[in-house]
Amino acid sequence: MQDCREILLESNCSMSWNSSDSEPSAKLVGKNGVLEEQKSPGFKKRETEVYVGNLPLDVSKEEILYLLKDFSPLYVHKIQNGCKCFAFVDLGSMQKVTLAIQELNGKLFHKRKLLVNTSKRPPKRTPDVIQQPQAPLVSGKVSGEGFGKTTAIAQLAPKAPVDRCETEKLRAAFFAVPLEMRGSFLVLLLRECFRDLSWLALIHSIRGEAGLLVTSIVPKTPFFWAMHITEALHQNMQALFSTLAQAEEQQPYLKESAVQRGTRCLAEYHLGDYGRAWNRCWVLDRVNTWAVVMFIDFGQLATVPVQLLRSLDSDDFWTIPPLTQPFMLEKDILSSYEVVHRILKGKITGALNSESHILKFEESK
């Protein structure tokens, strides 16, 4: 199957910036030429809206709605201004606004303390409309292995304070975590599929000698998906594949109208020399008669014809956690697909500070 990482990025970009709200809005050119959406100057905030600030830049509207699910949100208007991300959420009543503030203000969300209040506007900040820079742009090659991209960095004015967001951007230029491996994406996906995520809390504590069966890689980066070979994995694989093989023919094909983002389903996965087998997957997006799916147990994105997806919504099929998880090589990169379906031997040395569900792996030489 064709890898749809580019389609994925495009679809998520449009989802983040194209608001379907009826409120007036204006498009501004922000940093790096990215289109950004702001409320128009004449907009008056409704009394039933709550302001949610200090959100992570890559948060989706779905995650914001899920955050306020207990208050039955009507819609969310997400706004990103440079390094700031916030949202206005209509809860339908002033009572719900009061309760949401009491419940969520100061709560940790993606390791950030939320700012939830009834403010009609976010904290004051420098406008993000970029004027023609007085100083020339400085271009240079990023030195990270496998990332031979040219990065343009605006020369800072004398005595300008160090922008924490700019620092994070420079760090990300060396090792940009792939979208499908980010916690903000995975938590949404895993909640939809498995409901109970108590097993996730133990991942970051795993250490020691390990064998990893690689299932998918992001070429020319240190990131890959793999199965941590243990006795528990062996038992889970046998139970899961046996159950899916028995249920495959009994599971009806999905109606086209039922295929949408978040649908749990069954599709054929290509196992290389081992042929094809039906496996669990989650619909990430839909493009006409094609579905962009994530194979949960292999960490693999693929495009599948909508009419070839089978129903798999019963919780009975989702009691076993994903067989695969994301890893990052500490001292190397993966340049080709030759390592897929091979076993890497080495040791797990810990988890990434920024994404604690991604384990660091040092291969034995």
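From the list 336, 314, 356, 364, pick out the single residue that is in contact with a Lys or Arg (Cβ under 7 Å, 6 or more places away or on another chain), open to solvent by 10 Å² or more (accessible area, probe 1.4 Å), hydroxyl-bearing (Ser, Thr, Tyr) and farther than 20 Å from residue 232 by Cβ.
364
Among what's in the range 288-300 and is touching a strand residue (DSSP E or B) at 6+ places or on another chain (Cβ under 9 Å) and in a loop (DSSP other than H, G, I, E, B), pick the residue that is farthest from residue 194 (Cα to Cα).
Once the filter is applied, the top-ranked residue is 289.
Can you name the residue in the range 251-287 that is in a helix (DSSP H, G or I) and modelled with pLDDT of 90 or more and is also surrounded by the fewest Cβ atoms within 10 Å (Cβ to Cβ) among such residues?
Filtering the range 251-287 for residues that are in a helix (DSSP H, G or I) and modelled with pLDDT of 90 or more, the one surrounded by the fewest Cβ atoms within 10 Å (Cβ to Cβ) comes out as 257.
Determine whether residue 330 is open to solvent by 60 Å² or more (accessible area, probe 1.4 Å) and free of Cβ contacts under 8 Å to residues at least 40 places away in the same chain.
No, not satisfied.
Could you check the range 321-365 and list, in sequence order, the residues that are within 19 Å of residue 300 (Cα to Cα) and of a type in the set (A, V, I, L, M, F, W, C)?
Those that are within 19 Å of residue 300 (Cα to Cα) and of a type in the set (A, V, I, L, M, F, W, C): 323, 327, 328, 329, 333, 334, 339, 340, 343, 344, 358, 359.
Just one of (1) open to solvent by 20 Å² or more (accessible area, probe 1.4 Å); (2) within 20 Å of residue 230 (Cβ to Cβ); (3) not acidic (Asp, Glu) trips up residue 300, so point out which.
The one condition residue 300 does not meet is (2).
Checking residue 324 against (1) of a type in the set (Val, Ile, Thr); (2) exposed (fewer than 15 other Cβ atoms within 10 Å of the Cβ); (3) within 18 Å of residue 213 (Cα to Cα): exactly one of these is not met. Which one?
Here residue 324 meets the rest and fails (2).
Of the conditions (1) β-branched (Val, Ile, Thr); (2) farther than 21 Å from residue 339 by Cα; (3) in a strand (DSSP E or B), residue 214 satisfies every one except a single condition; which number is it?
(2)
The values are calculated or read from the model by the stated rules, or taken from the named source; none is laboratory data. This structure is a prediction, so every number in the text was calculated from the model and none was measured. Note: ideal-geometry Cβ built from the backbone for every residue, glycine included; neighbour counts use all protein chains shown. Remember, those area values only see protein heavy atoms, side chains included, never the ligands or the DNA or RNA. Shrake-Rupley method; radii C 1.70, N 1.55, O 1.52, S 1.80 Å.
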